1. In the range A:343-367, which residues are over 15 Å from residue A:82 (Cβ atoms), among the hydrophobic types (A, V, I, L, M, F, W, C) and touching a residue at least 40 places away in the same chain (Cβ under 8 Å)?
2. Filtering the range A:43-53 down to residues that are within 22 Å of the chain's Cα centre (by Cα) and open to solvent by less than 30 Å² (accessible area, probe 1.4 Å), which residue is nearest to the other protein chains (Cβ to nearest Cβ)?
3. Suppose we keep only residues that are under 23 Å from the mean Cα position of the chain (by Cα), among the hydrophobic types (A, V, I, L, M, F, W, C) and away from every other protein chain (no Cβ under 12 Å) within the range A:1-42. Which one would you say is surrounded by the fewest Cβ atoms within 10 Å (Cβ to Cβ)?
4. Taking the range A:202-223, which residues are in a helix (DSSP H, G or I), closer than 16 Å to residue A:99 by Cβ and not aromatic (Phe, Trp, Tyr)?
5. Taking the range A:263-284, which residues are open to solvent by 10 Å² or more (accessible area, probe 1.4 Å), under 21 Å from residue A:204 (Cβ atoms) and within 14 Å of chain B (Cβ to nearest Cβ)?
6. Condition test on residue B:36, is it under 20 Å from residue B:215 (Cα atoms) and small (Gly, Ala, Ser)?
7. Within the set of pairs 6 or more residues apart or between chains, which connect a residue that is closer than 25 Å to residue B:251 by Cβ and modelled with pLDDT of 95 or more inside the range B:219-235 to a residue that is crowded, with 24+ Cβ neighbours inside 10 Å and among the hydroxyl-bearing types (Ser, Thr, Tyr) with Cβ atoms less than 6 Å apart?
8. Can you pull out the residues in the range A:238-258 that are in contact (Cβ under 8 Å) with a residue 60 or more places away in the chain and either in contact with a Leu (Cβ under 7 Å, 6 or more places away or on another chain) or not aliphatic (A, V, I, L, M) (or both)?
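The values are calculated or read from the model by the stated rules, or taken from the named source; none is laboratory data. On a predicted model such as this, the values are computed, not experimentally measured, just so you know. Glycine also receives a Cβ, built like all others from the backbone with ideal geometry; neighbour counts cover every protein chain displayed. Each accessible area value is taken on the protein alone, full model and side chains, heavy atoms only, with ligands, DNA and RNA left out. Shrake-Rupley method; radii C 1.70, N 1.55, O 1.52, S 1.80 Å.
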Amino acid sequence: MPASTHVPDPAGRFGPFGGRYVPETLLHALEALDAEYSRARNDPAFQKELDGLLADYVGRPSPLYHARRLSRELGGAQIHLKREDLNHTGAHKINNTLGQALLTMRMGKRRVIAETGAGQHGVATATACAHFGLDCIVYMGEEDIRRQQPNVFSMRLLGAEVRPVATGSRTLRDAINEAMRDWMSTVETTHYCLGSVVGPHPFPRMVRDFQSVIGRETRMQCLARLGRLPEAIVACVGGGSNAAGMFFPFIEDEAVELVGVEAGGRSDRLGQHAATLLLGRPGVLHGSFSYVLQDDDGQTSDVHSVSAGLDYPGTGPEHSYWKETGRVAYTSVRDDQALAAFDRLARTEGIIPALESSHAVAHAMELAAGRRPEEIVVVCLSGRGEKDAAEVGRLRGIEM
Amino acid sequence: MSTIDTLFKNLRAKGQKALMPFLTAGDPDLDFTAAAIRALAERDCPLFELGIPYSDPIADGPVIQASYCRALDRGVTLAAIFEMLKGVARQVPAPIVTMVSYAIIYRQGLAEYVARAKAAGAAGAIVPDLPVEEARPLADVCRREDFSLIQLITPTTPPERAVRIAEHTTGFIYYVSVTGITGERTELPPELVDNVARLRERTDLPICIGFGISRPEHVRMLAPVADGLIVGSAMVRRMAEAAERPREQVLAELGDYVDELLAAMR
């Protein structure tokens, strides 16, 4: 069956995936959020306010940039970069947090909590909260705090409280657990600004919708500038929000090949990668039925990626749906390949990509190299890499 | 009629309430879990809740989380837990229900999980991350197997939704005392007694209250409106001491603590 764009259904299902596997305490808030979002979605005033912020505050539309030198060196298809790294706060995450902050205001709540892995979503949430004058608390794993110091400092500058999470693997998954626990106690006054297309309904749908501005712009830019749609689009997938936002407006363009790139880590051994769609199986994590990395008892596996933003043992239910329907092809890129792409884009184009986005760049280079020069490959450059400079330096033994 | 139905029927006939300890399976180890169930059953705990350790328990506070982590770090498996349960369920008259994440049940397969739990002697399951909308497939299996599926109602549950949850519950209703996660509280919400009393008007099912209950004064306040009270973190915290102190001593203190709560219940 071809993938539909009329998903999820009212129960939050993308085919068999999605749903709401959360404690009863949260159900009422999720229903209220779903109802409020559905009203906002059909309210021209809401859309107008969001569009205004995206234009004047975020700097949208983000450019579609033709990476000529890189394309020439590879000798294959033309690589174009959708420059989400040029957004205010340096990544696509702000598209979603402004939408959710507006919803928070509509619901009359004053306190916002969020989880963050690489810190990009944390910074974007802290930014949106500063803009609207909302209280902001960001949960972040201690391991991620260590490797993403610049973002931790930014969040504090923006007035957010960063709460270190010392449980489990001390990364994104544990930060989500801790944010959910906070929400269990504060649900009546607090909005949980979830940063990816994961979690219980309506988050996967709502975050996809807010991020779809990426794909809508890309589609218009391709048609206006190149006179046609690209042959292929590549985006990295952790939870999968930049990829979902990029892919969704192209789902019905069946000639456009869509490729999601997961974190291949060090090897295919469980615990050494975060390639959930490639190496996992359907199960339940963080309120949603989707592909997960689990052991045979149903315990969540440890994962590894050089990139803190892809270091997650689950993925969005819509990605699972796209995998099962065959509409999107999923592949993975190892740590060392991502690091090589990080260097190469910096040197050939003068653009330092986030380590997350470097996974997409790495695969796009491989894909483009095997194609004809008249073909077009678009890469979602989801974020910029300054936040990763210190960690990459550390991996190379450079003192800063 | 399930063993849990029979238990509450008998308790109601005698005008008694159940004190239900929650114990983490495998912290510090499964032998001690079994020993604690036996010891507390002798002190007249008529029903037990056995927590199946899970890596991502979002409804649990620091004490139960940490205890799940310790058990998993020691390598406790579902197979070993069922093996332990099989032994202890034969030795004590009290029904034992498992508190288990849907992530674990789904991985086993719904019918497979229920079959294994039942074969091990479990009387039912509490699945904290399975709201009524998603519960149908598991509820169907449980009904066929006469395995109780205990659902939760919370302070944030609207009244008409509470009725719907009650209609899909077997065994007893787990009423969550607070809007929050598990863990000992000094005080419980003042409106709790009224909330439970109102729920009581809408269902004949036994109602057990859990989350935060740890002190004799809590028991005195809640026992009159409930069929049972669940004590979790306060038990788990005491049990964990067995990692460092003589086990007989920890069991004796646990027994004294339960006696104190039972006295407050009468």
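1. A:355, A:362, A:365, A:367
2. Keep residues of the range A:43-53 that are within 22 Å of the chain's Cα centre (by Cα), which gives A:47, A:50-51, A:53.
Pick out the ones that are also open to solvent by less than 30 Å² (accessible area, probe 1.4 Å) and you get A:50, A:53.
On the way: A:50: 29, A:53: 31 Å.
Step by step, filter the range A:43-53, then rank; the result is A:50.
3. A:40
4. Filtering the range A:202-223 for residues in a helix (DSSP H, G or I) gives A:203-211, A:213-223.
This time we only want the ones that are closer than 16 Å to residue A:99 by Cβ, so: A:203-211, A:213-217.
If the condition is that a residue be in a helix (DSSP H, G or I), closer than 16 Å to residue A:99 by Cβ and not aromatic (Phe, Trp, Tyr), then A:204, A:205, A:206, A:207, A:208, A:209, A:211, A:213, A:214, A:215, A:216, A:217 are the ones that fit.
5. Listed by number, the residues that qualify are A:280, A:281, A:282.
6. Working: under 20 Å from residue B:215 (Cα atoms): yes; small (Gly, Ala, Ser): yes.
Taking the combined requirement at face value, the residue satisfies it.
7. B:232/B:182; B:233/B:182
8. To start, the set of residues in the range A:238-258 that are in contact (Cβ under 8 Å) with a residue 60 or more places away in the chain comprises A:238-248, A:251-252, A:254, A:257-258.
Result: A:238, A:239, A:240, A:241, A:242, A:245, A:247, A:248, A:252, A:254, A:257.
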